[in-house]
Every structure is written in C-alpha cells, then in structure tokens.
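Novice: What follows is a structure written as structure tokens; I'll ask about it next.
The values are calculated or read from the model by the stated rules, or taken from the named source; none is laboratory data. The structure displayed is predicted, hence computed values, not measured ones. All Cβ positions, glycine included, derive from the backbone under ideal geometry; neighbour counts span all protein chains shown. Quick note on the areas: whole protein, heavy atoms, side chains included, nothing else; ligands and nucleic acids left out. Shrake-Rupley method; radii C 1.70, N 1.55, O 1.52, S 1.80 Å.
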Amino acid sequence: YELHPWRNGEGIIGGLLMFTEVITERRLAENEKKSLEQKFQQTQKLESLGVLAGGIAHDFNNLLTGVLGNAEHIRDKISPNHEILEPLGVIEETAKRAAELCRQMLAYAGKEQLEKVSVDLNKLIRGTSKLLEHSIGKMLQLQFDLEENLPMISADMTQLRQIIMNLVINASDAMGEKSGEILVQTRKVFLKTEDFKKGVISKEAKAGSYILLRVHDSGCGMSPETLARIFEPFFTTKFAGRGLGLSAVMGIIQGHGGVLFVDSKEGEGTTFEVYFPYTEVGPVNVVKHPHLIKIPQWSGKGTVLVVEDELFVREIVSRRLHSRGFEVIEAADGFMGLDHYEKYRQNIVLVITDLTMPKMNGDHFLEKLREMNQTIPCIMMSGYTQVDMTQYLEKHAPLFYLRKPADSETFSEVLRRAYESVFK
C-alpha cells in the first residue's frame with residue numbers, strides 16, 4: 001500500500017490518503033508456480049536416481065552371476081563332507097541377499113519385472129497382519145479399517161506386500177518407544193485430475209476409480225525439509241539406514257500405474273495414501289513368467305553361441321553348457337556374434353545373448369540374427385529386467401528369458417525349454 005498526505009485548499013494537511021492493491025490472486029498463482037517447479041525438480045532428481053539405481057543393479061547382477069557361478073563350480077568339485085561347504089553356503093546366501101537388494105533397486109528405478117495377478121487387497125493385508133504385529137514396537141497397536149467387498153486390483157503380490165510392510169514399519173519407527181496406534185485403511189475412491197497436484201504420480205495415472213491403501217501414525221511427523229527427502233535412496237532420520245525404503249515403495253507404485261500422497265506435520269503424525277487403479281470388470285490374471293519347475297539335470301547336443309560382453313559371465317555360461325553336453329562358441333559383442341553365426345550356422349542349435357551390451361545391444365543383435373534365421377531358439381539374459389518383456393518375447397520368437405543372476409537349476413530349465421522347443 002501507499003500513503004499520501006491530503007491537503008485542504010490552504011495547503012494544510014488534513015489527513016492521509018491510502019492506496020492499496022489486492023494481490024491475493026497473484027500470490028496464490030506465484031505459490032502454485034513455485035510448488036509446481038519444486039515438484040518438477042523433485043521428479044527430475046528421482047528419475048536421475050532411478051537411472052543410476054538401474055545401472056548399478058545391472059552391473060551388480062553381473063558380478064553376482066560370477067560369485068554364484070563360481071561358488072557352484074567349487075561345490076561341484078569338492079566332496080560332500082568338505083569343511084569348506086559351510087562358508088561356501090554363506091557366500092551363496094549372501095549373494096542371494098545382494099540379488100534381492102538389486103531387485104529393490106530395480107523396483108525404485110521402475111524396471112523390476114512385475115508378475116501381475118488379480119489381488120484382493122484386504123485378504124493380503126489380513127494375511128500379513130501377524131507378521132506386521134511382530135514387526136512393530138511393543139507399545140503399539142495395529143488397527144484395521146478395511147472396506148468390505150472391494151474390487152480386485154491387478155498387482156504383483158510380492159511387491160504389494162513389500163509396500164504394506166514398509167509403510168507400517170516406517171510408521172512404527174516414527175512412533176519410537178511411545179504407545180499409540182497405527183491405522184491401516186482401505187477404501188474405494190474416485191480421483192479427479194486436479195487431485196493429482198498434491199501427489200507423486202506415475203506417468204500412466206489418470207482420473208478414474210482407485211483402491212486406497214492408507215497408513216496413518218500419530219508419531220513425531222516430519223519437517224518440510226525431511227519430507228522433501230524421504231524418497232531418496234537410503235535416506236533416513238534414524239542412526240543408520242536399512243535400505244531403499246520409501247524409494248523402493250515409490251518405484252513399485254509407479255510400476256503399477258498408481259499414485260502416492262504423503263501428509264505430515266511435525267508433532268501431528270504422518271499419513272501415507274497409496275492409490276491403485278482398477279476396473280469394475282476386474283483384471284485378468286497375467287503372470288508374465290511362471291515359476292520354473294525343478295527337474296533333474298538333462299543334456300543336449302550341438303553348439304551354442306554365447307554373446308556376452310563380460311568375460312567371467314561368458315565363462316560361467318560356457319561351463320554350464322559344457323556340463324550339459326553342448327559345444328560352445330563365445331562372442332564378446334553383437335557384431336562378433338553375427339560373424340560367428342554366419343561362419344558356424346550349420347552347427348549352432350541355440351543362441352544365448354545378453355540384453356545390455358556395448359556396440360550392439362541384445363535387441364539389435366536379435367533383429368539382425370532373425371534376418372539370417374527366423375526359427376533358431378534364443379535365450380535373452382539380463383542383469384536387470386524390463387517392466388514388460390512381452391515386446392521382446394513376441395518380437396524375437398522363439399525367445400526365452402533368463403534373469404541374472406540365475407542358479408544352475410534355473411539356467412538348466414530355461415535351456416531345456418529353449419532346446420526342446422525345436423528338438424523334442
């Protein structure tokens with residue numbers, strides 16, 4: 001506002017004139033613009049961290065392939081009563097736990113393979129309730145308010161359970177040693193486009209029907225500074241972090257086309273709201289990769305072309321193939337693989353290729369290979385999975401998928417299915 005003196009006809013000051021300007025709408029617009037800019041910056045940062053997590057997981061899975069493959073080789077070479085068996089088992093178990101961490105990183109990056117089925121969220125929560133009760137503080141009570149007759153959602157059951165566990169344990173940590181309650185709710189809701197302004201949303205999210213999972217605690221709450229960082233990998237307000245935490249949760253939600261809202265104030269507790277889309281008709285069961293059936297080791301014959309840029313991975317794959325009766329031709333990249341195939345195609349009965357390689361990736365290599373042979377069975381390996389492998393499986397059929405790091409039984413089963421698709 002502005003103040004000006006008011007003078008009468010004789011020039012004597014007789015009062016003050018005040019001029020004001022209403023700027024409420026301008027301030028609101030400026031605040032909304034600032035909020036959108038902050039959210040955009042956060043999204044960019046999270047996407048960059050997602051790319052980093054995916055890249056680390058890919059390289060780490062290659063290293064784990066070497067650890068597990070060589071541990072397996074040692075186990076095959078020593079006697080059943082050898083003293084090294086116990087520490088060898090520790091190595092294998094540790095490597096498997098590291099592989100699980102990679103899967104969490106890939107979930108954060110939004111690249112974890114989903115095995116979606118029709119899920120009753122209430123049933124899943126009730127089935128997890130005992131485990132949840134044992135995971136929270138002794139002074140806390142876990143309360144459930146679940147709306148009955150909810151529609152089914154299409155989700156990966158393992159990852160959905162991970163979300164529930166993570167949010168409840170996070171709430172327990174926020175309560176500390178104090179007594180109190182953690183409330184878990186489910187609801188059927190409808191979200192409008194304007195509702196998305198306050199949430200962290202997936203690119204596929206749109207207005208429509210959703211199933212809400214809400215987890216509320218009356219703990220210490222979070223400051224705006226802490227709230228802005230909760231989705232960073234390994235960020236924690238505790239003495240030591242315990243993993244990817246909420247960043248993995250966000251990656252899983254985005255992989256399901258969902259929405260995440262967080263409301264928290266210091267001293268007033270925190271509420272997490274997760275929204276999963278659904279259709280009234282109900283989703284059809286879609287299991288992209290059924291669990292492999294363990295069978296006794298078998299053998300085949302012929303030559304297998306292995307295209308893999310990591311030497312130690314090639315060595316492990318070749319060793320496994322030799323033990324199953326195959327001859328092996330190795331190639332360090334896609335160009336070399338095409339050259340080898342052209343020279344020895346009369347002897348090659350199957351091709352194994354990595355998905356991510358320098359010079360020529362597995363997708364491009366298979367495109368060129370299919371120009372030379374439309375029917376040869378192929379196996380695609382990868383240190384990290386894609387959200388949907390269907391495009392590759394259909395594009396390059398007959399194609400089979402093998403996830404790194406794979407143990408000997410899984411490798412053998414995928415190899416058998418690929419080989420018997422032609423040589424029955």
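Novice: With the structure loaded, tell me whether Met389 is open to solvent by less than 40 Å² (accessible area, probe 1.4 Å), within 30 Å of Ile253 (Cα to Cα) and at pLDDT 90 or above or whether it fails that test.
Specialist: Spelling it out, it is not the case that Met389 is open to solvent by less than 40 Å² (accessible area, probe 1.4 Å), within 30 Å of Ile253 (Cα to Cα) and at pLDDT 90 or above.
Novice: Separate question: So Lys288 fits all but one of (1) basic (Lys, Arg); (2) buried (at least 16 other Cβ atoms within 10 Å of the Cβ); (3) under 30 Å from Phe423 (Cβ atoms); (4) at pLDDT 85 or above; what number is the exception?
Specialist: All conditions are met except number (4).
Novice: Within region 99-117, does at least one residue satisfy the condition of being open to solvent by less than 70 Å² (accessible area, probe 1.4 Å), modelled with pLDDT of 80 or more, of a type outside the set (Asp, Glu) and closer than 23 Å to Gly251 by Cα?
Specialist: Yes, there is a match, as at least one residue in region 99-117 is open to solvent by less than 70 Å² (accessible area, probe 1.4 Å), modelled with pLDDT of 80 or more, of a type outside the set (Asp, Glu) and closer than 23 Å to Gly251 by Cα.
Novice: Right, another one. If you go through region 37-59 one residue at a time, do you hit one that is farther than 30 Å from Asp354 by Cα and either at pLDDT 80 or above or in a loop (DSSP other than H, G, I, E, B) (or both)?
Specialist: The answer is no, given that none of the residues of region 37-59 is farther than 30 Å from Asp354 by Cα and either at pLDDT 80 or above or in a loop (DSSP other than H, G, I, E, B) (or both).
Novice: Output the residues belonging to region 228-238 that are of a type outside the set (Asp, Glu) and either open to solvent by less than 50 Å² (accessible area, probe 1.4 Å) or modelled with pLDDT of 80 or more (or both).
Specialist: Result: Ile230, Phe231, Pro233, Thr236.
Novice: Could you grab the pairs with beta carbons closer than 7 Å, sequence gap of 6+ or different chains, first residue in region 116-127 and free of Cβ contacts under 8 Å to residues at least 60 places away in the same chain, second one among the basic types (Lys, Arg) and open to solvent by 30 Å² or more (accessible area, probe 1.4 Å)?
Specialist: Every condition considered, the pairs that remain are Leu124/Arg161.
Novice: Which numbered condition in (1) touching a strand residue (DSSP E or B) at 6+ places or on another chain (Cβ under 6 Å); (2) without any contact (Cβ under 8 Å) to a residue 60 or more places away in the chain; (3) open to solvent by less than 40 Å² (accessible area, probe 1.4 Å) is the only one that Glu308 fails?
Specialist: (2)
Novice: Within region 130-148, is there a residue that is at pLDDT 85 or above, out of contact with any strand residue (DSSP E or B) (no Cβ under 9 Å at 6 or more places or on another chain) and assigned to a loop (DSSP other than H, G, I, E, B)?
Specialist: Looking through region 130-148, at least one residue is at pLDDT 85 or above, out of contact with any strand residue (DSSP E or B) (no Cβ under 9 Å at 6 or more places or on another chain) and assigned to a loop (DSSP other than H, G, I, E, B).
Novice: Filter region 167-179 for residues that are modelled with pLDDT of 85 or more and open to solvent by less than 40 Å² (accessible area, probe 1.4 Å); which is farthest from Val274 (Cα to Cα)?
Specialist: Restricting to residues being modelled with pLDDT of 85 or more and open to solvent by less than 40 Å² (accessible area, probe 1.4 Å), the top hit is Ser172.
Novice: While we're here: Looking at Gly245, Gly267, Gly241, which is the one that is modelled with pLDDT under 85 and in contact with a helix residue (DSSP H, G or I) (Cβ under 7 Å, 6 or more places away or on another chain)?
Specialist: Result: Gly245 is the single residue among Gly245, Gly267, Gly241 that is modelled with pLDDT under 85 and in contact with a helix residue (DSSP H, G or I) (Cβ under 7 Å, 6 or more places away or on another chain).
Novice: Residue check, Arg314 against (1) basic (Lys, Arg); (2) part of a helix (DSSP H, G or I); (3) surrounded by fewer than 17 Cβ atoms within 10 Å (Cβ to Cβ), all met but one. Which one?
Specialist: (3)
Novice: Within region 249-276, track down each residue that is closer than 10 Å to Ala155 by Cβ and assigned to a strand (DSSP E or B).
Specialist: Once the filter is applied, which keeps residues that are closer than 10 Å to Ala155 by Cβ and assigned to a strand (DSSP E or B), region 249-276 yields only Phe276.
Novice: For Asp339, only one of the following conditions fails: (1) modelled with pLDDT under 95; (2) open to solvent by 40 Å² or more (accessible area, probe 1.4 Å). What is its number?
Specialist: In the conditions (1) modelled with pLDDT under 95; (2) open to solvent by 40 Å² or more (accessible area, probe 1.4 Å), Asp339 misses (1) alone.
Novice: Can you go through Ser318, Ser299 and tell me which one is in contact with a Lys or Arg (Cβ under 7 Å, 6 or more places away or on another chain) and either farther than 30 Å from Leu167 by Cβ or modelled with pLDDT of 90 or more (or both)?
Specialist: Ser299
Novice: Please go through region 197-222 and give me each residue that is at pLDDT below 80 and of a type outside the set (A, V, I, L, M, F, W, C), ordered by number.
Specialist: Lys197, Lys198, Gly199, Ser202, Lys203, Glu204
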